[in-house]
Amino acid sequence: MANVSLYVHIPFCYSKCFYCGFFSIKYSQLIVDEYITALIKEMQHFQEQSIHSVYIGGGTPSILSIKQMQRLLNAIGKFFNLNKLQEFTFEVNPDSISIDKLKLLKSFCVNRLSIGLQSINDKLLTYLGRTYNFQLFLKIYEAARKEAFNNINIDLIYGFPKHIMNDWIQTLSTVLSLNSEHLSLYPMSIEMNTVFYKKHFNIDNKLQRKMYDIAVKMLNYNKYVHYEISSWEKRNNKSIHNVSYWNNCEYIGIGAGACGYINHIRYKNIDNVPKYISLIKTNNINVKIEHEKINKATHILESILLGLRLLENGVNIKFFKLYKQHYLALKKCLNNKTLINNAGKIKLNPKYIFVSNQILKEFV
Ligand SMILES: C[S@@+](CC[C@H](N)C(=O)[O-])C[C@H]1O[C@@H](n2cnc3c(N)ncnc32)[C@H](O)[C@@H]1O
Ligand code: SF4
């Protein structure tokens, strides 16, 4: 098993952002202490597995107290073999990180931060349900640089209700001036059961498309490489962890709501924190609610769908030739020029990246 990654889910936030459909609940010190104990027990199951990238995501991992972070990071070092570790990412929100926490992360070999900024406009941040302002983000970003973090991703959202082009251009210009190694730009989607959903908010698809187009131009001008549908990098800093997902490599997912893909099994853990904790407490290591053996046909289909997200490498044409239906779909997409064949590498036509979901449907 080469190149296995590890994802740990920290499903706690101070409050719920108005657009967020990800699995997370309100932070409480007590429940998080118990949660970390449960995570550590789940990890023991994968003892000695060699890991090439770690991603601690959420939720809000930076919400953990120093003590909780120490317990979590110690356990990862204890239960996994990190001799071949290349990348260790920790997700950070500006209002829950501190210089002491940054120092601690550094001392545990975390070498990549992913900071959720979303917008530089304080009024829009409040409108989105975010609980910090741009000044605080800047302070954190500079502190992280001072602590020698030299691989930082910044998350931004665009095309949400009330978002106008001028705000987006200002956010992009300001963020570009920071020269971070990585940018993730997400077109907002209205997710079920969020505040935005309940308010029947809609997305202006045409404006969102224009925002994507301007972002592509501005980032290209600033020497960012667009290597995945929503991801840009500079100075050769692709996310090793995320690229391994898109290459359909194996990964272990730990924690409530986490997904994993290991030994040909795709699984999802129970997305309920109290139940996750109590299942683990009663020594029932099996916290999986979904569990599917991936056969060759599914593996090939997933490799095509995930691999086409990678804009530079795409997918080797040999993957499409294994099954007739994939080859027919490929021919259709090459004919209508939504996909291109570049010396045997099948890639999305840059004109259609923004509507890639529709193109990928041809293969399902
Ligand atoms: C699940 S969040 C975790 C990171 C961190 N909690 C935060 O909020 O910054 C990862 C990223 O997903 C993006 N995201 C969340 N909800 C979204 C939505 N409805 N549409 C598009 N992007 C979304 C945001 O940019 C966010 O930074
Ligand atoms: S967007 Fe991030 S901080 Fe906001 S609720 Fe979702 S996971 Fe928590």
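Observations on the structure shown:
- Three-way shape label, segment 118-245, alpha-carbon gyration tensor, a/c 1.5: prolate
- Modelled spin labels at residue 351 and residue 313, positioned 7 Å past Cα toward Cβ, are 2.8 nm from each other.
- Förster-model FRET efficiency, 51 Å R0, residue 214 and residue 328, C-beta, rounded to 0.05: 0.90
- Part-to-part distance (alpha-carbon centres) for segment 195-219 and segment 4-81, which is given in Å: 31 Å
- Shape category assigned to segment 226-312 from the gyration tensor of Cα positions, a/c cut at 1.5: oblate
- Inter-site label distance for residue 299 and residue 122 at 7 Å from Cα along Cβ, in nm: 5.4 nm
- Of the cross-linked pairs 67/146; 238/296; 206/288, those separated by over 31 Å at the C-alpha level are 206/288.
- Relative contact order (%) - criterion: Cα under 8 Å, at least six apart; region: the chain: 15 percent
- Debye equation applied to the C-alpha atoms of segment 217-364, log10 I(q)/I(0) at 0.17, 0.18, 0.19 Å⁻¹: -1.00, -1.06, -1.12
- Of 192, 165, 43, the one that fluctuates the most in a GNM where the chain has Cα springs shorter than 10 Å: 192
- In range of the label at residue 50: residues from segment 1-43 whose backbone nitrogen is under 11 Å from the point 7 Å along Cα→Cβ: 1-4
- Annotation for segment 18-124: trypsin sites (Lys or Arg not before Pro) lying in DSSP loop with at most 13 further Cβ atoms inside 10 Å of their Cβ are 84.
- Spatially proximal lysines relative to residue 199 (Cα-Cα < 21 Å; intrachain offsets below 8 disregarded): 16, 123, 162
- Shown in residue order for segment 297-302 are the 3J(HN,Hα) couplings computed by the Karplus curve 6.51 cos²θ - 1.76 cosθ + 1.60 at θ = phi - 60°: 4, 5, 4, 5, 4, 5 Hz (x for Gly and Pro).
- With both residues required to sit in the chain, DSSP beta bridges show an antiparallel share near 40%.
- Whether segment 316-363 is rounded, prolate or oblate, judged on the alpha carbon gyration tensor where a/c under 1.5 counts as rounded: oblate
- Contact order normalised by residue count of segment 316-363, Cα under 8 Å, 6+ apart, percent: 34 percent
- If R0 is 35 Å, the Cβ-Cβ spacing of residue 31 and residue 178 corresponds to a FRET efficiency of close to 0.50.
- For the chain, 13, 109, 249, 259, 333 stand unpaired, since no other cysteine beta carbon lies under 4.7 Å from theirs.
- Residue list for segment 253-273, given a label point 7 angstrom along the Cα-to-Cβ vector of residue 292 and an amide N cut-off under 19 Å: 253-254, 257-271
- Fully extended contour minus Cα-Cα distance, from residue 169 to residue 201, at 0.36 nm per residue: 9.3 nm
No lab work stands behind these numbers, since they all come straight from the coordinates. Remember, it's a predicted structure, so these values are computed and weren't measured experimentally. Cβ: placed from backbone, ideal geometry, glycine included. Neighbour counts: every protein chain shown.
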